[in-house]
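Just so it is clear, none of the values below were taken in a lab; they were calculated from the coordinates. Values in this document were obtained by computation on a predicted structure and should not be read as measured data. Because the Cβ atoms are built from the backbone with ideal geometry, glycine has one as well, and the counts that use them run over all protein chains shown.
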Amino acid sequence: MIEVQDVHKSFGSLAVLKGVSLTVRKGEVVSVIGSSGSGKSTLLTCINGLEPINSGHILVDGTEVHAPATNLNLLRRRIGIVFQQFNAFPHLTVLENVTLAPRKVLGMSKSAAEEIAVKQLSHVGLSDKLSVYPSRLSGGQQQRMAIARALAMSPDYMLFDEVTSALDPQLVGEVLDALKLLADDGMTMICVTHEMAFARDVSDRVAFFHKGVVAEIAPPAAFFGAPQHPETKQFLSNIR
Amino acid sequence: MFNYTFHWYQAFRALPQMLHGALVTLEVAMLSMVLGVAFAVLLAVARMSGNRVARGLATTWVEVARNTPALFQIYMAHFGLGAFGIHLSPFTALLAGITFNNAGYLSETFRGALNAIPPTQARAARSLGMGPVRAFWSVVMPQMFRISFPPMTNQMVWAILMTSLGITVGLATDLAGVTQGLNVKTFRTFEFFAMAAVLYYLIAKTVMLSARLLAWRLFRY
Amino acid sequence: MFHTALSLSDLLFLLKGASVTVAVTVVAVLFGTALGLAFGIIKAQFGWLATVPLTFVLDVLRSVPLLIQLILANAFQSIAGLGLSPFLVACVVLSLYTSAYCAEIVRGGIEAVPAVTRRAARSLGMTWRQDMTNVTLPMALRVALPGWIGLALGVMKDSALVLWLGIIELLRSSQILVTRLQEPLFILLVVGAIYFLMSYPIARLGGRLERRWREND
């Protein structure tokens with residue numbers, strides 16, 4: 001499980017996370033919603049150690065992420081993250097994009113890595129694009145490739161940072177479908193998202209991020225049906 | 001006006017010799033590029049690192065290479081190092097000088113290319129569990145070379161042209177050296193050097209064309 | 001502590017060599033730029049096909065080592081009985097060499113001026129020459145200046161090659177001193193410092209101009 005305990009983080013003088021606490025159990029899907037700039041993306045990059053924190057603790061299966069002794073490279077094999085900007089490696093084909101980390105980080109043989117890659121790519125519906133370069137793919141296809149790339153490492157946890165926000169509306173659905181399949185398979189997921197329908201239908205719990213803290217967290221029915229916190233109510237009424 | 005008969009047949013007869021010299025020229029140029037690129041990558045990384053000493057040393061190399069003549073750098077390798085007891089042969093001194101020069105110019109090219117690659121590429125690689133060196137080697141560096149390819153091609157042609165400076169330090173085996181040797185023996189300066197000029201032109205053009213073909217094959221994405 | 005046989009008069013000897021370097025550079029850059037400007041405008045104006053002969057000649061100038069060009073030119077003028085001084089030969093060769101590179105820089109600068117801007121100028125009734133002098137070239141200059149500064153500095157460094165023709169420029173002066181004083185490393189370092197001081201400030205200025213103009217775009 002992932003435990004975030006009273007985490008504070010500032011960028012210079014700008015405080016972004018002001019005491020975030022959150023626990024995500026294995027197999028749970030937690031959606032994080034909130035206005036832009038509330039710190040949601042920063043939380044994700046802190047969980048996998050890309051960003052340092054100022055105070056507090058983040059524990060992944062008991063390992064303290066920001067302890068000096070922690071081997072972040074090892075930790076990141078267990079946590080997959082997909083960003084808003086797909087970050088496809090432009091000089092590699094789709095298949096090579098997905099097999100790169102398994103081969104170089106996990107030391108797999110080319111054939112073993114390709115077997116896994118083909119499987120993950122077929123799950124996201126890209127079986128016919130294996131030897132294509134990312135520049136020839138649509139945004140939605142690149143994002144699905146990024147998901148397959150992260151999954152090829154067989155992580156225990158998947159973090160999604162607004163993965164549909166950079167896509168044209170007609171491409172959003174295919175990516176959300178991929179996420180839903182993943183959730184149904186039992187993956188532990190934290191999804192920062194603006195897609196309310198997705199949050200309502202797929203999550204076990206929905207968290208509302210406001211001014212650098214988790215203002216409210218509840219299962220979808222309670223969250224959308226009877227929000228407690230005034231800010232949550234305000235936010236939800238603005239979207240309707 | 002021309003109180004002189006051109007003896008072109010002598011130049012043509014010397015063609016095999018000069019072609020051998022051309023091979024040595026290519027050898028020096030290619031070696032200087034391979035070594036120069038390797039040093040240039042290290043210099044570019046050093047200049048962008050947080051380590052002040054590394055940055056200072058790298059910047060010194062680059063600025064000296066770019067603000068002093070190539071001939072000076074070759075002289076330093078050949079005459080200057082003698083004060084430290086290091087006596088380089090003309091071939092090695094020429095190679096060292098051109099490599100020093102290549103590394104300086106190419107590191108600036110690489111630095112610009114690295115700045116053009118979004119930091120999110122390295123982030124994505126690190127997020128997959130790659131260490132910093134692996135992330136650089138497999139993800140960032142290939143893109144850096146792709147961006148830098150045209151300037152690298154230009155630098156290769158420069159290196160070929162720079163090898164002609166070898167005659168100032170006594171190199172006799174490259175194209176210019178062979179030509180000069182023939183010149184000293186026969187005093188047919190114009191004919192021999194005209195032939196050499198044609199050969200240099202052809203080599204330079206061939207390199208440019210091959211580079212374009214290579215780019216087309218390598219970078220088809 | 002640190003002894004050197006290098007005297008003040010020796011230093012002045014070096015500086016005299018440096019002045020020869022500067023002289024050759026200035027002549028070459030002046031004439032080379034004038035020619036390069038003309039060639040560049042021709043290349044930008046008349047498109048690819050019509051300028052093949054010119055392009056070929058300029059290409060040759062950039063694909064044959066400068067040292068070879070100097071040797072060839074010197075051999076040619078002696079065969080033709082022209083009796084030109086080495087300095088003059090060096091200036092001619094360096095000017096042509098500079099013009100070849102300058103033509104590319106000028107062409108690039110002109111082509112960087114948006115066609116719509118030039119069309120706007122012509123639509124106002126300006127002649128081709130008025131458009132060139134008042135609109136296109138001033139805009140092209142901004143794009144071309146950093147590259148031109150780099151070229152000028154490059155010519156200054158390449159001028160060292162004229163020592164092969166016997167001209168006593170800076171590097172040759174240093175070799176003369178080395179023969180007499182037997183301090184190759186120290187004298188070379190002094191010469192390197194002089195080259196560096198001639199080049200670095202101008203290079204920095206060019207870099208700063210480039211950055212400032214890029215920010216304003």
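Structure summary
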{"read-out": "Using distinct alpha-carbon pairs, which all enter the 1/r mean, Kirkwood radius of chain B in Å", "value": "19.4 Å"}
{"read-out": "Under the span-like rule (Cα at least 30 Å along the axis, Kyte-Doolittle mean at least 0.0), DSSP H helices of chain B", "value": "B:15-47, B:90-116, B:189-218"}
{"read-out": "Relative contact order of region B:68-117, defined on C-alpha pairs under 8 angstrom at six or more residues apart (%)", "value": "37 percent"}
{"read-out": "For region A:8-78, the fraction of alpha-carbon pairs in successive 10 Å shells from zero, as %", "value": "18, 51, 29, 2"}
{"read-out": "Considering only chain A, percent of DSSP beta bridges that pair antiparallel, nearest 5", "value": "55 percent"}
{"read-out": "Summed side-chain charge close to residue A:139 - residues other than residue A:139 whose Cβ falls under 14 Å, Lys, Arg +1, Asp, Glu -1", "value": "0"}
{"read-out": "Cross-link partners of residue A:110 among lysines (Cα-Cα below 17 Å; sequence separation of 8 or more within a chain)", "value": "A:119"}
{"read-out": "Region B:20-61, Rg to Rh (Cα coordinates; Rh as Kirkwood inverse mean 1/r)", "value": "1.25"}
{"read-out": "Partner chain coverage, peptide B:191-198 - average Cβ within 10 angstrom", "value": "5"}
{"read-out": "Span from the region C:169-217 Cα centroid across to the region B:93-147 one, whole angstrom", "value": "28 Å"}
{"read-out": "Directionally averaged projected area (convex hull, Cα atoms, the protein assembly as shown), nm²", "value": "40.4 nm²"}
{"read-out": "Percent of Cα-Cα distances greater than 19 Å, calculated over region B:113-196", "value": "59 percent"}
{"read-out": "Loop trypsin sites (Lys or Arg not before Pro), region B:135-221 (other Cβ atoms within 10 Å of the site Cβ: 14 or fewer; DSSP)", "value": "B:220"}
{"read-out": "Residues residue B:53 and residue C:6, FRET efficiency given R0 of 41 Å [Cβ-Cβ distance, rounded to 0.05]", "value": "0.85"}
{"read-out": "Loop-located trypsin sites (Lys or Arg not before Pro) in region A:1-76 whose Cβ has at most 14 other Cβ within 10 Å (DSSP)", "value": "A:25, A:26"}
{"read-out": "Violating pairs (Cα-Cα greater than 24 angstrom) within the set A:26/A:129; A:104/A:180; B:185/B:205; C:16/C:157; A:26/A:180", "value": "A:26/A:129; A:104/A:180; B:185/B:205"}
{"read-out": "Per-bin percent of Cα-Cα distances, region A:142-240 [5 Å]", "value": "2, 11, 23, 23, 17, 14, 7, 2, 0"}
{"read-out": "Partners for residue A:233 among lysines (Cα-Cα distance below 25 Å; same-chain residues under 8 apart left out)", "value": "A:18, A:40, A:211"}
{"read-out": "Length gained when the stretch residue A:165-residue A:138 is fully extended (0.36 nm per residue, less Cα-Cα span)", "value": "8.3 nm"}
{"read-out": "Label point at residue B:185 placed 7 Å out along Cα→Cβ; residues across region C:64-87 whose backbone nitrogen lies under 14 Å", "value": "none"}
{"read-out": "Antiparallel content of DSSP bridges confined to the protein assembly as shown, in %, to 5", "value": "55 percent"}
{"read-out": "Inverse of mean 1/r across different Cα pairs in region C:95-144, Kirkwood, Å", "value": "11.3 Å"}
{"read-out": "Burial ordering of C:48, C:128, fewest other beta-carbon atoms within 10 Å first", "value": "C:48, C:128"}
{"read-out": "For chain A, alpha-carbon Rg over 2.2 N^0.38 Å", "value": "1.01"}
{"read-out": "Centre separation in Å (Cα based) which lies between region C:110-150 and region A:116-186", "value": "49 Å"}
{"read-out": "Value at 222 nm in deg cm²/dmol, rounded to 500, when DSSP H runs of n ≥ 4 in chain A each add -39,500 (n - 2.57)", "value": "-11500 deg cm²/dmol"}
{"read-out": "Approximate spin-label separation residue C:209-residue A:6, in nm, with each point projected 7 Å along Cα-to-Cβ", "value": "6.0 nm"}
{"read-out": "Pairwise FRET efficiency - residue C:115 versus residue C:49, Cβ, R0 = 25 Å, nearest 0.05", "value": "0.85"}
